[in-house]
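Only one structure is covered here, and it is reproduced in the block below.
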Amino acid sequence: MFSKEESRKLREEFWISFGKSFPRKWILYDTKLKGFAFKFHFDTKSALVTLDLEDDLENRINFWDKLQSLKTILTEEFLPDAIFEEAYYLENGKEISRIYVNLDQKVSIHNKNTWRDVMEFFVEKMTLFEAFFEDYKKLEDKSVVVEEFGGKDTALRIIEESFVLYDETFGGGKR
């Protein structure tokens, strides 16, 4: 068991470590759409990448209907393991709509041995959510703008990570 202060420090350490290990500006950090938010979630039991619809009911229904119409695209081309929950209740009792991907292994923010797996899961799944979001924005006739680039070293690192992910997903040597 950890005290509240020890738990807070571990959480802080995880997020700092994640930011240093995977320094990148997430396109989805600010979607510019009211009530439409992408989030990372990691606690003592699970790790999730979520798309939360948190606005008033009318806007939530509007976004949900649009996302439902794109469900096949999301699940067939980007995130086959995405879970759609029209009525999802947060710990505080607030009802939202949520699409999420859950890391299917035992993890805990209190266990540093699971951190690397969670970080890699976050990067992989959020990258796929970003790709879907870019397509969604095109369908809505809107653009996605990246305000800064990381430079050559960052690009090379991301390309190498992509090769590793490709090899893990499809088997080595097929490039």
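The values are calculated or read from the model by the stated rules, or taken from the named source; none is laboratory data. Only a predicted model underlies this, so the values are computations on that prediction, with no experimental measurement involved. A quick note on method: Cβ atoms are made from the backbone with ideal geometry, for glycine too, and the neighbour counts reach across all protein chains shown.
Quick one: what pairs do we get from segment 75-101, first residue in the same structural domain as F40 (by TED's automatic domain parsing), second assigned to a strand (DSSP E or B) and basic (K, R), C-beta under 7 Å, 6+ apart or different chains?
Final answer for the pair search is E85/R98; Y88/R98.
Can you give me the number of residues within segment 19-41 that are assigned to a loop (DSSP other than H, G, I, E, B) and either of a type in the set (D, E, K, R) or in contact with a Cys (Cβ under 7 Å, 6 or more places away or on another chain) (or both)?
Of the residues in segment 19-41, 5 are assigned to a loop (DSSP other than H, G, I, E, B) and either of a type in the set (D, E, K, R) or in contact with a Cys (Cβ under 7 Å, 6 or more places away or on another chain) (or both).
Restricting attention to segment 46-84, which residues are in contact with a Ser or Thr (Cβ under 7 Å, 6 or more places away or on another chain) and modelled with pLDDT of 95 or more? Spell out how you get there, then give the answer.
Of segment 46-84, the ones in contact with a Ser or Thr (Cβ under 7 Å, 6 or more places away or on another chain) are 53, 60, 64, 82.
Of everything in segment 46-84, just one residue is in contact with a Ser or Thr (Cβ under 7 Å, 6 or more places away or on another chain) and modelled with pLDDT of 95 or more, namely A82.
Being out of contact with any Asp or Glu (no Cβ under 6 Å at 6 or more places or on another chain) and surrounded by 18 or more Cβ atoms within 10 Å (Cβ to Cβ) narrows it down to one of T50, T75, so name that one.
Testing whether each residue is out of contact with any Asp or Glu (no Cβ under 6 Å at 6 or more places or on another chain) and surrounded by 18 or more Cβ atoms within 10 Å (Cβ to Cβ) leaves just T50.
Checking the structure you have, find out if any residue of segment 126-135 is touching a residue at least 40 places away in the same chain (Cβ under 8 Å), aliphatic (A, V, I, L, M) and crowded, with 19+ Cβ neighbours inside 10 Å.
Yes, segment 126-135 has at least one match.
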